[in-house]
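What follows is a single structure, written as structure tokens, with notes after it.
The values are calculated or read from the model by the stated rules, or taken from the named source; none is laboratory data. This is a predicted model, so every value here is computed, not measured. Ideal geometry is used to build each Cβ from the backbone, glycine not excepted, and the neighbour counts take in all protein chains shown.
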Amino acid sequence: MVQSYLPVTSQTSGAAAEAAADRKTAKYAPLTQAYSFLAIAAETMGAINSDGMEFLDDLGRRITKVTDDNREKAFLYQRLSVLIQHYNTVAIFGTCLLTQPLRTSSSRSSLSVFNFCF
């Protein structure tokens with residue numbers, strides 16, 4: 001977690017998502033003159049900013065209304081969960097490269113050495 005989020009996130013769940021959404025809203029403020037813009041920010045452990053939750057809940061209700069399947073909202077959140085998990089996997093493997101296995105002199109087992117790229 002970014003060090004600057006620590007004081008706020010230790011007291012309030014979802015604070016990092018709210019802060020990220022506020023930053024994105026400020027960054028893309030010029031777009032609001034011509035487009036509707038809503039920042040949706042999700043934390044690694046799943047917390048989503050409040051405006052994003054309202055939007056996703058409304059989207060889920062609308063999809064349910066069109067398809068007449070009450071599970072659609074749950075499916076939407078499941079897809080978002082898988083997306084977050086996929087992003088975390090890419091982030092981890094993007095910064096962690098597997099190198100050649102090391103052979104220990106005392107045994108025949110091999111150990112993997114990782115190089116961390118920051």
Residues of the range 58-76 satisfying the condition of being surrounded by 14 or more Cβ atoms within 10 Å (Cβ to Cβ) and in contact (Cβ under 8 Å) with a residue 12 or more places away in the chain: Gly60, Ile63, Glu72, Lys73, Leu76
Is one or more of the residues making up the range 53-72 in contact with a Ser or Thr (Cβ under 7 Å, 6 or more places away or on another chain), under 27 Å from Thr89 (Cα atoms) and in a helix (DSSP H, G or I)? yes
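Out of all the residues in the range 54-64, is one or more more than 26 Å from Arg23 (Cβ to Cβ) and under 15 Å from the mean Cα position of the chain (by Cα)?
No, there is no match, as no residue in the range 54-64 is more than 26 Å from Arg23 (Cβ to Cβ) and under 15 Å from the mean Cα position of the chain (by Cα).
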Give just the number: which of (1) modelled with pLDDT under 90; (2) out of contact with any Phe, Trp or Tyr (no Cβ under 6 Å at 6 or more places or on another chain) does Cys96 not satisfy? (2)
